[in-house]
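The values are calculated or read from the model by the stated rules, or taken from the named source; none is laboratory data. This structure is a prediction, so every number in the text was calculated from the model and none was measured. Every residue, glycine as well, gets a Cβ built from its backbone with ideal geometry; the counts of neighbours run over all protein chains shown. What goes into the accessible areas is simple: the full protein's heavy atoms, side chains included, and nothing from ligands, DNA or RNA. Shrake-Rupley method; radii C 1.70, N 1.55, O 1.52, S 1.80 Å.
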Amino acid sequence: MDDVSNMKKRRFSRKVDLMLIMVVSGVIINMAGSWLNHHVEWPIYLDTVGTVMVAALGGSIPGILTAFLSNAVGTLLFGSETIFYTVLNILMAMATSYMLSRRIRDSRKKILRVIGLTFVLSLIGGGLGSLITFEMYGISSEGFPADAIAWCIQTVGMPRFAAFFLITWALDLVDKTITVLIAVLSLHLIPEKIKRILWFQGWRQTPISQEELDRTRNMDLPGISIGRKIAMIIVFTVLSIAISMTWVSSGVFSHYTQEESRDIARGAAELAADAIDPEMVDEYIREGDSAPGYTETEEHLMQIRDSIPKLQYVYVYQIRKDGCHVVFDLDTEDMTGLEPGETVSFDESFRDRIPDLLAGKEIRPMETDDTYGWLLTVYQPVYDKAGKCVCYAAADISMDHLRDYKQEFILREILIFLGFFLLTCAIGQHIFRYHIIYPVVSMTSRVSDFAFSDANEEEIDNYMKRVRDLKINTGDEVEDLYTAVCKMGGDSIDHQKNIRRQAETIRQMEHGLVMVMADIVEGRDSDTGHHIQRTAAYARIIMDSLRRKGYYADQLTDQYISNVEQSAPLHDLGKINISDVILNKPGRLTDEEFDIMKTHTVEGGRILEEAARKVRGGSYLEEAINLANYHHEKWNGKGYPEGLSGEDIPLSARVMAVADVFDALTSKRVYKDAMPFAQAVDIIREDAGSHFDPLCVEAFLDSLDEVEKVMEEFRDEDAE
């Protein structure tokens, strides 16, 4: 067992090595396509050829690993934006492995499958890819795609995004057509034996058939399957981590960006405050640009504004009770600044800060989101020589970029997360499938086939052999469970075999005792000979024929037929209490003697009932009681001992009535000769519906060849 397990592990290790070689080769092919695209001016990328080839040859896991590593390496070699397209590459690997995994012989279906795969890959690469590119980078204004997009917009009148989507998808369709053709050509050229070796599944046991897998999937379970539970755990765990990390990182990003904006605004406000001559503020308000130094100061403020990125407005206000009096208000591209001396009413957002502004105190930066957009404002007080605040230099940083940055940041995080998510789910599901799910369902399927009560020893051994043939070697608790199941199954089979041997011994002893009892009774009757063997065989023949015809199907089970056949020799057990004088009388019995003879039925039933009370588990004794009591009852109700009629007579007794009478007719007695076979058959036929159950007679008549063989086999010596 250890040697087999080690051999399996070495084989799996070689499979992994082969898969890694495929993955590295696929990454190199992808990088070659990316390098070519970066150094040649053409719109076709060919950077997923390796992914599609590996997914087609090796399956989903090698394909997904190739996709992920290709984008990771591409990020290092060609730029960070490559990582954001990892999810698309992985989706293409999954689509390829799914659509090309099944072997199709029909050429037309193969062509349709290839066309379908090309279309799906182009939708992923060109469709979803265009959405990502448009959201993150917009539309490029250079190169062939930009010219084609511009033509669609200007000539056809298409919306910008529609034109961008159409051109991007069309180019990617050409790219994916070439890619799929290369992959299909590879599949065609590589021999089938090599393809089977390259296809990576990861079995840690003897692979089971697709039919057995389908059967286990369709099993009725009391709850959710282990596969779905594991998938739910993986998805929930990864989603929880991703959502929490996205929330935390976006919060950190927003906080950092806002702090950076505050520092920039604060620095701009301080520079603006340093540019103001506090002693000239009142004169600036009164005379404006005609005041000495006003123009130079305004130009200085413009230089400050234009030299600092994201700085939108720079202005200087003097705060009075009636509002903000303009000292400087620089013009912008979309707005003309206010003139010096004009008064601006306090904005609602300033209400709680007016007392501090009037007192000349420093105030915290403020954020507002109104008609001017989302602005971060910093007020820097300007003090004169006496330490009095004569005005405030203000700098407004536009925060609209933060909203755009945050959306782009979250989009990038989501794209990166989706790539890792698909990779984690695929690898996790693959490991769980081959290390837990398949081993467990394999054991479940094959152990559930055990049917000790119905199967013979050879079948039971085959059941256990099928379990041992799984050879599960996961190297963990599942393998320990498998080992325990094999040991327990083997012990159970050995125990079951012992029980069966003991049961068979007991059954043979019971049968031997039955035959001894029957022989004792029959030995007192000098005329019966092989009567008990023949009647038991006739009864079996009649019951088998009834079952073939579908009569009394609910009663005629294998167990029932066996019980009747086994207990048939005891039907005349009551004769043990009949006097030898009457039992062996050579002539016709008197009425009184016949009344005594009839008591053998109830006497036999009484003896067997007493035996049944003392012997547990002898189910055949129930039918032995029926046979002893009622085998002389007649269908028309004129029999004895109780005068039962029709189906009130137990079926076993109705069967025995035909067998017993026929044997009596065809056997020699001290008071008569044996009747010819055909004549006896005619009597049985004539008495159908009066003495006998018509269906039992029909079954008997349809089996006359078998009946005659039994009669010849157990012919009495004195009947020759």
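Which of ALA72, CYS486, VAL281 sits closest to the plus end of the dipole of the chain, meaning its Cα is farthest towards the positive end, when Lys and Arg get +1 and Asp and Glu get -1 on the C-beta? Final value for the positive-end residue is CYS486. Does anyone have the angle between helix 620-630 and the longest principal axis of the chain? Alpha-carbon axes, 0 to 90°, nearest 10? Result, in degrees: 40. Applying 1/(1 + (r/R0)^6) with R0 = 25 Å to the Cβ-Cβ distance of GLU367 and ILE414 gives a FRET efficiency near 0.45.
Anisotropy class assigned to segment 253-292 is prolate, per the alpha carbon gyration tensor with a/c at or over the 1.5 cut-off and a/b larger than b/c. A 1.4 Å probe run over the protein chains yields, for segment 14-173, 50 Å² of accessible area per residue, whole-number rounding.
In this structure the amide hydrogen of MET399, modeled in the peptide plane, comes within under 5 Å of the amide hydrogens of TRP374, LEU375, LEU376, none closer than 5 places in sequence on its chain. Against the chain, whose longest principal axis is taken from its Cα atoms, helix 86-100 shows a tilt of about 30°. 3J(HN,Hα) couplings calculated from phi for segment 697-708 with the Karplus curve 6.51 cos²θ - 1.76 cosθ + 1.60 (θ = phi - 60°) are, in sequence order, 5, 4, 5, 5, 5, 6, 10, 5, 4, 5, 4, 5 Hz; Gly and Pro show x. Shape class for segment 666-710: oblate, because the ratio a/c of the largest to smallest gyration tensor axis (alpha-carbon atoms, square roots of eigenvalues) is 1.5 or more and b/c is at least a/b.
Report the calculated FRET efficiency for GLU713 and SER645 (r = Cβ-Cβ distance, R0 = 41 Å), to the nearest 0.05. It comes out at approximately 0.75. Each of the peptides 243-254, 385-396 was scored by the mean count of other Cβ atoms within 10 Å over its residues; in descending order, highest first, they stand as 385-396, 243-254. The calculated P(r) of the chain, using every Cα pair and 10 Å bins from 0, goes 2, 10, 12, 10, 9, 9, 9, 9, 8, 6, 5, 4, 4, 2, 1, 0, 0 in percent.
Using a basic spin-label model with each label point 7 Å from the Cα along Cα→Cβ, how many nm lie between ALA359 and GLU686? My value for the distance between the label points is 13.7 nm. Report note on the peptides 477-483, 590-596: ranked by the mean count of other C-beta atoms within 10 Å, highest first, their order is 477-483, 590-596.
Couplings 3J(HN,Hα) for segment 231-237, derived from phi with the Karplus relation 6.51 cos²θ - 1.76 cosθ + 1.60 (θ = phi - 60°), are 4, 5, 5, 4, 4, 4, 5 Hz, where x marks Gly and Pro.
For segment 175-285, the solvent-accessible area works out to 60 Å² per residue, with a probe of 1.4 Å and every protein chain left in place. Each of ASP263 and SER244 was given a label point 7 Å from its Cα along the Cα-to-Cβ line. The distance between the two points is 3.0 nm.
Our estimate of slack between GLU593 and ASP147, defined as 0.36 nm per intervening residue step minus the Cα-Cα distance, is 148.1 nm. Once the Cβ-Cβ distance between GLU279 and PHE161 is put in as r, and R0 is 60 Å, what FRET efficiency do you end up with, to the nearest 0.05? Efficiency, from the Cβ-Cβ distance: 0.55.
Diffusion coefficient of segment 240-370 by Stokes-Einstein, Kirkwood radius over Cα pairs, 20 °C, 1.002 mPa s: 128 µm²/s. The packing ranking of peptides 679-685, 436-442, highest mean first, is 436-442, 679-685, where packing means the average number of other beta carbon atoms within 10 angstrom of each residue.
When VAL235, VAL710 are compared by accessible area at a 1.4 angstrom probe, the order from most to least is VAL235, VAL710. Under 16 Å from the 7 Å Cα→Cβ point of GLU342, by amide nitrogen: which residues of segment 298-316? From segment 298-316, the list is 313-316.
Quick one: grab the alpha carbon gyration tensor of segment 578-660, order the square roots of its eigenvalues as a ≥ b ≥ c, and give me rounded if a/c is under 1.5, else prolate or oblate depending on whether a/b is larger than b/c. Oblate.
A simple spin-label model places pseudo-atoms 7 Å from Cα toward Cβ; at LYS321 and ALA72 they are separated by 7.0 nm.
Ranking HIS691, HIS530 by solvent-accessible area of protein heavy atoms (1.4 Å probe, all protein chains present), from largest to smallest, gives HIS530, HIS691. Across segment 596-603, coupling constants 3J(HN,Hα) worked out from phi with the 6.51/-1.76/1.60 Karplus curve, θ = phi - 60°, read 5, 4, 5, 6, 5, 5, 5, 5 Hz, and Gly and Pro carry x. For ALA678 and GLN502, the difference between the fully extended length at 0.36 nm per residue and the C-alpha to C-alpha distance is 58.8 nm.
Here segment 239-318 is treated with +1 on each Lys and Arg Cβ and -1 on each Asp and Glu Cβ, and its dipole about the Cα centre works out to around 740 debye. The sum of -39500 (n - 2.57) across all DSSP H runs of n ≥ 4, divided by the residue count of the chain, sets its helix-only mean residue ellipticity at 222 nm to -20500 deg cm²/dmol.
Put simply, the amide H of THR474, placed in the peptide plane, has neighbours under 5 Å in GLU479, leaving out anything fewer than 5 places away on its chain.
On the accessible surface of the chain, probed at 1.4 Å, how many percent belong to carbon and sulfur atoms? So the carbon and sulfur contribution to the accessible surface is 57 percent. Computed about its Cα centre, the charge dipole of the chain is approximately 2340 debye, with only Lys, Arg, Asp and Glu carrying charge at their Cβ.
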